[in-house]
Amino acid sequence: MATQHSRAAARVMIAPSVILLLAWMLVPLLMTLYFSFLRYNLLMPGANPFVGFENYTYFLSDPAFQTAIVNTLLLVGGVLVITVVGGIAVATLLDQPMWGTGLVRIMVISPFFVMPTVSALVWKNMFMNPVNGLFAWIADVLGMAAFDFLTQAPLASIIGIVSWQWLPFATLILLTAMQSLDSEQLEAAEMDGASAWARFWHIKLPHLARAITVVVLIQTIFLLSIFAEILVTTNGGPGTASTNLTYLVYAESLLRFDVGTGSAGGVVAIILANIVAIFLMRMIGKNLDA
Amino acid sequence: MGRITLDKVQKSFGDVEVIPPLDLEIEDGEFVVFVGPSGCGKSTLLRLIAGLEDVTGGDITIDGTPATDLPPAKRRLAMVFQSYALYPHMSVRKNIAFPMKMAGIPQDEQARRIDNAARVLNLTDYLDRRPGQLSGGQRQRVAIGRAIVREPAAFLFDEPLSNLDAALRVGMRLEISELHKRLATTMIYVTHDQVEAMTMADKIVVLRAGHIEQVGSPLELYRTPRNLFVAGFIGSPRMNFIDGEDASSRGAHTIGVRPEHLAVSDSDGVWRGTVGVAEHLGSDTFFHVHFDGRDEPITVRATGEVALKHGDTVWLTPDEDRIHRFDQQGLRI
């Protein structure tokens, strides 16, 4: 009896927060779904008739959509490769005993503390600017023509900026994983005749597999929705060269005031994120099993 | 072949000298045990021989070749670690094959050696499992298997049994001893457990604070310990030390009597005391006997079952021929 009572009481007690959370999540989702089937443009107030899948057809047949998908995948993939490979490299260096380790570690982590808009602006104005930027100055000193990063290679530049932001995260997780490796295993491998490279390849890297999986999964979630960096640097351009799915949805709904198509784009983005998640779990999820 | 010579080998970490210059000769095929309390430098000494630590001074020679500056892999030594140090992401077969893969030994030769090692160590059924799926004893055997296939000049064991439970430890002790008889390869074994040292060793090296206190066969150490430390360390339960008048009347500063060299009687004897704790093991009985004017009890072993209990008065008589006498500096007279 007592347990039944307390269980019922517990349910009643937690109900408000559960309901609130559910509403918080479900209401916007359902409203997005609902809007995606309406002709709903803020520039044309009045009736919002039900139009079926018209918004979806419009969004999916938009030439910008394909570019956006490709850009999204390139952005996610590029940043993942750079941060994982770079993270392993930096973590390996930081794992070496050296003077001033504590200070160096804090400095390595610091990019993570800078908010995305600020870091993207710093990169845009202080490094990549073709007139005043540091890179332009270096090019000038070397006697070369300045390279206009955000115009000539907008997506690659954004990948660079985002990688710079996320490298600390990857480094931190991989460094902790590296430090949890039993040093006797490395010594055993050394006695077994493994060279430094063989020790890295056969012992350290497999030990890092789980941490790499965590890094890839968490980063993918955040990288699929990169927005601020694009907004403050290239505005998705030139043309649609650096538009990803998130930015396309923003452009539809807030630049063209087309709520219906924007909502349809949001639903497409949710589906795409789920597809990516399923593939990721298939590919590397088994690493998470003990 | 595995003849290892240490010549004035010395090791310091910064300003702290862990091992003062030390000489040691290990003959081919010998089972040598380094024993001592924790922190005595026995593991460091083993790691110096393995090459996992660099010597600060002195020379190590393996089979007549200078090995001081050789990397660990080139010294032809195999080591079994306390934590076994198996590679968790590889199957047992791959674990055992790893050193051969690194040495570039052909596949068929690898397979032959793995089968051989698996047979010797009873691992044939487990070759495709991961280390995480094995029991402590099996992991231990995999670690030994990984050492065997390298066909090393000598095996180094760093407290290999300390992670096993008591029953398994006795079993593995026998297995390692048998393995040594079969392979007839030099083995160096580090332990803090003097029972392991006594049961397995051809030669025991007793270490304290980096110094070699005594080197000898188990029975040599038992019969003629060179000083108080060795006398107290070797033998279980430990030797009783008595100083004062009983010692000076025998021409010594301290005398030592092992528990098994004292006769117990309830009527007459040399020393009269009171039974404190009595431990009845069936085969033996251990008494802790208290004396007036003495803080520590004296431990006595009586064979079989003896019906003395707490508070009884008891008489002890030492076997005069087996009393160990030590001078002021704690050295044997």
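The values are calculated or read from the model by the stated rules, or taken from the named source; none is laboratory data. A quick note: this is a predicted structure, and the numbers were derived from the prediction, not measured. FYI the Cβ positions are ideal-geometry reconstructions off the backbone, even for glycines, and counts take in every protein chain you see. The area values use the complete protein model at the heavy-atom level, side chains included, leaving out ligands, DNA and RNA. Shrake-Rupley method; radii C 1.70, N 1.55, O 1.52, S 1.80 Å.
Points worth noting:
- Computed from phi, the 3J(HN,Hα) profile of the range B:262-279 under the Karplus parametrisation 6.51, -1.76, 1.60 (θ = phi - 60°) reads 10, 9, 9, 8, 9, 10, 8, x, 8, 10, 10, x, 10, 6, x, 7, 10, 10 Hz, with x in place of Gly and Pro.
- Over the range B:27-158, accessible surface divided per residue gives 40 Å², non-protein components excluded, 1.4 Å probe.
- For chain B, modelled as a GNM whose springs connect Cα atoms under 10 angstrom apart, the maximal fluctuation among B:D15, B:D246, B:D23 occurs at B:D15.
- Radius of gyration, Dmax [the protein assembly as shown; alpha carbons; angstrom]: 36.9, 120
- Counted charge near A:G237, where neighbours are those whose Cβ lies closer than 15 Å (Asp, Glu -1; Lys, Arg +1): -1
- Using a 1.4 Å probe over protein heavy atoms, the accessible area lost on pairing B with A, summed over both chains, comes to approximately 1600 Å².
- Taking θ as phi - 60° and the Karplus parameters 6.51, -1.76 and 1.60, the scalar couplings of the range B:66-83 work out to x, 10, 4, 9, 6, x, x, 5, 8, 8, 6, 10, 10, 10, 10, 8, 4, 8 Hz in sequence order, x denoting glycine and proline.
- Ranked packing of A:133-146, A:4-17, most packed first, by mean Cβ within 10 Å: A:133-146, A:4-17
- Dipole in debye (nearest 20) - chain B, about Cα centre, beta carbon charges: Lys, Arg +1; Asp, Glu -1: 1480
- Max mean-square fluctuation residue, GNM over chain B, Cα-Cα springs under 10 Å, options B:H310, B:H211, B:H192: B:H310
- Contact residues in the range B:63-84 (at least 50 Å² less accessible area with all protein chains than alone, 1.4 Å probe): B:F81.
- With contributions of -39500 (n - 2.57) from each DSSP H run of at least four residues, the per-residue ellipticity at 222 nm computed over the protein assembly as shown stands at -14500 deg cm²/dmol.
- For the range B:239-326, the solvent-accessible area with a 1.4 angstrom probe is 53 square angstrom per residue.
- Rounded to the nearest 10 degrees, the inclination of helix B:166-183 to the longest alpha-carbon principal axis of chain B is 60 degrees.
- Relative compactness, the range A:52-289, computed as alpha-carbon Rg over 2.2 N^0.38 Å: 1.19
- Going from the chain on its own to the full set of protein chains, the range B:97-142 has these residues losing 10 Å² or more of accessible surface (heavy atoms, 1.4 Å probe, no ligands, DNA or RNA): B:F98, B:P99, B:K101, B:M102.
- Legend: translational diffusion of the range B:111-234 by Stokes-Einstein, Rh = Kirkwood radius over C-alpha pairs, 25 °C, 0.890 mPa s; D = 154 µm²/s.
- For the range A:3-16, backbone phi angles converted through the Karplus equation (6.51, -1.76, 1.60; θ = phi - 60°) give residue-by-residue couplings of 5, 4, 4, 5, 5, 4, 4, 4, 4, 4, 5, 8, 3, x Hz, Gly and Pro being listed as x.
- Principal-axis tilt of helix B:92-103 within chain B, Cα atoms, nearest 10 degrees: 70
- Bins of 20 Å from zero: percent of alpha-carbon pairs in chain B: 27, 47, 23, 2
- For the segment A:189-200, counting C-beta atoms of other chains within 10 Å of every residue's C-beta and taking the mean gives 6.
- Per-bin percent of Cα-Cα distances, the range B:239-326 [10 Å]: 18, 53, 25, 4
- Relative contact order, percent, the range B:239-326 [alpha-carbon distance under 8 Å, six or more residues apart]: 37
- Accessible surface of chain B, 1.4 Å probe: 48 percent of it comes from carbon and sulfur atoms.
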